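Chemist: Below is one structure. I have some questions about it.
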Amino acid sequence: MTEPYSILVVGTLDTKGNEIRFLRDRLVAAGLAATVVDIGVLAPPAFPPDVPRDEIARAAGERIAKLAAAEDRGRATAAMHKGLAAWVSGRREKGLREGMIAIGGSAGTAIATAGMHELPIGAPKLMVSTMASGDVRPYVGTSDICMMYSVVDFTGLNTLTSTILANAADAMAGMCGRRASLPEVSTRTLLAATMFGNTTPCVNRVKELLEARGYELLVFHATGTGGQAMERLVVEGFVKGVLDITTTELADELVGGVLTAGPDRLVAAGRKGVPQIVSVGCLDMVNFGAPETVPPNFAGRLFYQHNPAVTLMRTTPGENRELGEMLARKLNQAKGPVVLLLPLQGVSGIDRVGKAFYDPAADKSLFDALRANVGANVKLLELDRHINDPEFAAAIADEFLKCAVIAFRD
């Protein structure tokens, strides 16, 4: 039987001590082992924690007395942010099976979630925060952190905060195994794929074909964070093969869209030697928010209103040439098998005859750049098909299965 999780209960005991004690007591009452970690700095803690703030500060190379004397909130937050991450990382390296629950405002949320990021995917993580109703990407990032809005600020226990904190503790207890049964863990080989709404038919068909052959496919929405999350799972060894069908995040990185996954997108699989089947899904588009959010320097470009909150901009032939060169550079560095498939009849659901982004000249610029720049380590296949044609999906699945024969034969 799997060892149960113990829970790190994290917060600033100088300002939120009563709330932290309440959470701890609820978790203990549910039968869980709870360890209180103090990340406060300025005033004395409301009660003695299991892990004092001094220990967290030392993990950042700081002394708590010096931080308190400086009375610099920004410096203190930065130190405890670094310290908690390092401290949690050290415990993970020791093999401790831990989850984390925390409460906080903006500073406490930033510190606590830095620690949560050091826990493995799957470990329970719950952040009760005054920041949880806004943009939580800076806190959640690529981790499976649950964010719960506190509704009111933490200024002591009252009818509302007690109810919200009780719900949070009970939710944490559920995530930690206090439930009817644990889900069965699959023994199938995990693969990762990238998808957008405009490549959904292709990815769904690939998923169907490969799962019929005994694989399990994790599908990531290529929204910037989605690509980053996939890369993280590759680095951590969860994923044994990548079907990077939708590489659209590269377009946002190059042109300045809102769904960039950063400069390291399409790097992890190559560095790990993980087999990857790659295509050019949705490189015809750059993503912005509502129309009024599109930067003025793009005036006069071709746009498509995907929904009220998403505006797509067609990539130009020049941008496509640069995208082809960028994609080729990344694939040329791969240590493992790479197959690049080009759908010559269109790269997205709206890039085909009669659709808004159909532009053969722009696509040709992309394809020509790839033909001219991919290295000998990349197997380049061109199909006179659209990316969402069933035959294109079948080719992707077939190429992966050929790679798998070699990659997984041991």
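Chemist: When Rg is the radius of gyration of the Cα atoms in the chain and Rh is its Kirkwood radius, what does Rg/Rh come to?
Modeler: Values: Rg = 24.3 Å, Rh = 23.4 Å.
The Rg/Rh ratio comes out at 1.04.
Chemist: Which pairs in the list Lys355/Lys379; Lys207/Lys379; Lys335/Lys402; Lys82/Lys125; Lys125/Lys330 are over 28 Å apart, alpha-carbon to alpha-carbon?
Modeler: Values: Lys355/Lys379 30 Å; Lys207/Lys379 22 Å; Lys335/Lys402 17 Å; Lys82/Lys125 18 Å; Lys125/Lys330 34 Å.
Table pairs above 28 Å Cα-Cα are Lys355/Lys379; Lys125/Lys330.
Chemist: Dipole of the chain (Lys/Arg Cβ +1, Asp/Glu Cβ -1, origin at the Cα centre): which of Gly141, Gly214, Pro44 lies farthest to the positive side?
Modeler: Farthest along the dipole direction, towards plus: Pro44.
Chemist: Compute the angle between helix 317-332 and the longest alpha-carbon principal axis of the chain, please, reported from 0 to 90 degrees and rounded to the nearest 10.
Modeler: 70
Chemist: For the chain, find the longest principal axis of its Cα atoms and tell me its angle to the long axis of helix 106-116, 0 to 90°, nearest 10.
Modeler: Roughly 70 degrees, rounded to the nearest 10.
Chemist: In whole angstrom, how far apart do the alpha carbon centroids of the stretch 191-209 and the stretch 288-316 sit?
Modeler: What the calculation gives is 25 Å, centre to centre.
Chemist: Right, next: Taking other Cβ within 10 Å of each residue's Cβ, how do Leu243, Leu209, Leu370, Leu157 sort, fewest first?
Modeler: Leu157, Leu209, Leu370, Leu243
Chemist: Something else: Run through the DSSP bridge list for the chain and note the antiparallel percent, rounded to the nearest 5.
Modeler: Of those bridges, close to 15 percent are antiparallel.
Chemist: Something else: Kindly express, to the nearest 10 degrees and within the range 0 to 90, the angle between helix 200-211's C-alpha long axis and the longest C-alpha principal axis of the chain.
Modeler: 80
Chemist: Mind checking the dipole of the chain: about its Cα centre, +1 per Lys or Arg Cβ, -1 per Asp or Glu Cβ, Debye to the nearest 20?
Modeler: Taking the Cα centre of the chain as origin, the dipole is about 680 debye.
Chemist: At what distance in nm do the modelled label points of Thr163 and Val267 sit from each other, each positioned 7 Å from its Cα along Cα→Cβ?
Modeler: So the two model labels end up 4.8 nm from each other.
Chemist: Scanning the chain for GluC sites (Glu not before Pro) in DSSP loops with at most 14 other Cβ atoms within 10 Å, what's the longest stretch left with none? Please report the intermediate quantities before stating the final value.
Modeler: Working: sites that count: Glu71, Glu184, Glu236.
Counting only loop sites that pass the neighbour cut-off, the longest clear stretch is 237-410.
Chemist: Show that you can apply the helix-only estimate: for the chain, add -39,500 (n - 2.57) for every DSSP H stretch of four or more residues, divide by all residues, and state [θ] at 222 nm to the nearest 500.
Modeler: Numbers: 14 runs with 163 residues, N = 410.
Here the helix-only value at 222 nm equals -12000 deg cm²/dmol.
Chemist: Measure off 7 Å from each Cα along the Cα-to-Cβ vector at Arg97 and Glu382, then give the distance between these two points in nanometres to one decimal.
Modeler: The answer from the label model is 5.4 nm.
No lab work stands behind these numbers, since they all come straight from the coordinates. Everything numeric here is computed off the predicted structure, so don't read it as measured data. So basically every Cβ, Gly included, is an ideal-geometry build from the backbone, and we count neighbours across all protein chains shown.
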